[in-house]
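In what follows, a single structure is set out as structure tokens and then discussed.
Quick note: the coordinates plus some simple rules give every number you see, no bench work behind them. Computed from a prediction, not measured in an experiment: that's the story for all the values here. Quick reminder, even Gly has a Cβ in these numbers, built from the backbone with ideal geometry, and neighbours come from all protein chains shown.
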Amino acid sequence: MRAPRSTAAALLALAVVAAGCGRGGGSTTTTTSPQPAIGAKGTATTAASDLGFPAFATKNTTRVGGADPIADAAAVARAVYSGSSRVTRPHAVVLADSRDWRIGLVASALMSSPIRAPLLYADGPKDLPAATKSALAALAPTGSKEAGGAQVVRVGDVPELTGLHTTDLRGADAFAIARAVDAFQAAARGTTSDRVVVVGAASPEYAMPAAAWAAKAGDPILFTDKDDVPRDTRAAIAAHQQPKIYVLGPPSAVSDKALTQLRRLGTVTRISGPDPAASSVAFARFVDGNFGWGVVDPGHGFVFANTRRPGDAAAAAPLSASGTYGPLLVTDDAVTLPPALNGYLLDVQPGYTRDPVRGVYNHGWIVGDAGALSLDAQSRIDALLEIVPVNERASTSPTP
């Protein structure tokens, strides 16, 4: 599989909303990276940076440089659905409450078939941020038959929208909303999934990678407390009739006591690592039949985000369900790649023997501004994604 290279058109779509803060009116820029623009002239000494290189794109990476998840979600939605024609517009869009990272996380599943709805964020029941408003107008969803004709699926406590056909998914808390999203997705698909993903409701750093998988496969994300599985989650899993239950994260996020309760509802498998980065790598490598990424070789897409911004997981989820596809890998360090990420990218780095044109390529989406992942970190990722001669790949082990 060959990953397509970054294009000026994609950068322009990202630049519309990604360079500034999603909550503001669009005039204030809080990122240290320059805003890319089309039309820089060769007479300008700053032409390369004006076009967005290397802060927003390198040869193997593209950055969605929002200062917050609201801006990132708007940029990703525009990158996935350019909206230049009816064919490139989504049937529906998800509008989720950004105040609780769990709401967007479970709503990521609606990016999967059949609805294929990208996610935008609201900031509570009254505030529709400028970036979201602009993206929604540009996306102009056509209406989803599987969602009852809805153009917007409102998840959680978000503003009313005039002039658009909407449907609401609500609940008393995140556990109930997750159950509602699961039931809605099952109705749209005409069947329940035989797999569910369970994550700790208080452990976003371990839960984030679930969003990418849910967007690709449509498997629901459900929450549990560390030591006790809530009633709504038990009821949601029971509706799947003894499914395979995949738990993301170590016992510090979901304890063995909770796993014992889950085993009464289905077959349980824990996927984890000693830290969030290692856990995301374990999930990227994992495969069980039709479940899991199974990315253990070159030729794939990857998405990178910082655990300090859990809302970015749902914002970026459409990138894992389109284009180059690929798992979400997380870090808690904006400057230095964790050893688990560094080692994993070395393991799957592409190589060639005679001609790189005949090889396969990796591509990475960098999510967030320099405060989330620095230019140094992006450059390091770019180097690890680059196709290299096989003898060089085998004989060198660059340090983070």
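Can you list the residues of region 224-260 with backbone N under 13 Å from a point 7 Å past the Cα of Asp194, pointing along Cα to Cβ?
Zone members listed by number: 241-245.
If the elastic network links every pair of Cα atoms under 10 Å, which of Leu222, Leu164, Leu248 fluctuates the most in the Gaussian network model of the chain?
Of Leu222, Leu164, Leu248, the Gaussian network model singles out Leu164 as fluctuating most.
Where in region 130-184 are there trypsin sites (Lys or Arg not before Pro) that are in a DSSP coil and have at most 16 other Cβ atoms within 10 angstrom of their Cβ?
Arg170
Enumerate the amide H contacts of Leu329 below 5 Å, restricted to partners 5 or more residues apart or on another chain; note that Pro and chain-start residues carry no placed amide H.
Under 5 Å from the amide H of Leu329: Val303, Phe304, Ala305.
Once both labels are modelled 7 Å past Cα along the beta-carbon direction, what's the Asp376-Asp297 spacing in nm?
3.6 nm
Mind checking region 259-367 for trypsin sites (Lys or Arg not before Pro) that DSSP puts in a loop (not H, G, I, E or B) and that have at most 13 other Cβ atoms within 10 Å?
Arg263, Arg264, Arg354
What residue among Phe291, Leu259, Pro276 has its Cα farthest toward the positive end of the dipole of region 257-303, where the charges are +1 on Lys, Arg and -1 on Asp, Glu, each on the Cβ?
Going by the Cα projections, it comes out as Leu259.
Quick one: which residues, 5 or more positions from Ser144 or on another chain, have an amide H under 5 Å from its amide H? H modelled 1.01 Å from N in the peptide plane, none for Pro or chain starts.
Result for Ser144 returns Gly149, Ala150, Gln151.
Computed FRET efficiency, Cβ-Cβ of Arg99 and Gln261, R0 25 Å: what is it to the nearest 0.05?
Working from the Cβ atoms, E equals 0.30.
What is the magnitude of the charge dipole of region 8-395 about its Cα centre, with +1 placed on the Cβ of each Lys and Arg, -1 on the Cβ of each Asp and Glu, and no other charges, expressed in debye to the nearest 20?
820 debye
Report, ordered by chain and residue number, the aspartates and glutamates lying within cross-link reach of Lys133, taken as a straight Cα distance under 13 Å and ignoring same-chain residues fewer than 8 apart.
Answer for Lys133, where 13 Å is the Cα cut-off: Asp123, Glu160, listed by chain and number.
To check you understand DSSP bridge types, tell me what percent of the beta bridges within the chain (both residues inside) are antiparallel, rounded to 5.
5 percent
By a straight-distance test (C-alpha under 14 Å), which aspartates and glutamates pair with Lys257 as possible cross-link partners, with residues fewer than eight away in the same chain excluded?
Asp225, Asp227, Asp228
Kindly state, to the nearest 0.05, the FRET efficiency for Ala48 paired with Asn391, given R0 = 41 Å and r defined as their beta-carbon distance.
0.80
When a/c is below 1.5 the answer is rounded, else prolate if a/b is larger than b/c, else oblate, so apply that to region 171-243 with a ≥ b ≥ c taken from the square roots of the Cα gyration tensor eigenvalues.
oblate
Starting from the Cα gyration tensor of the chain, take the square roots of the eigenvalues, sort them a ≥ b ≥ c, and report rounded, prolate or oblate (rounded when a/c is under 1.5, otherwise prolate if a/b is larger than b/c, else oblate).
oblate
In vacuo Debye scattering of region 225-276, one point per C-alpha: log10 I(q)/I(0) at q = 0.19, 0.22, 0.23 Å⁻¹?
Scattering profile of region 225-276, log10 relative to I(0): -0.59, -0.77, -0.83.
Would you calculate, for the chain, the mean residue ellipticity at 222 nm contributed by helices, counting each DSSP H stretch of 4 or more residues as -39,500 (n - 2.57) and dividing by all residues, to the nearest 500?
After summing the helix terms and dividing by residue count, I get -9000 deg cm²/dmol.
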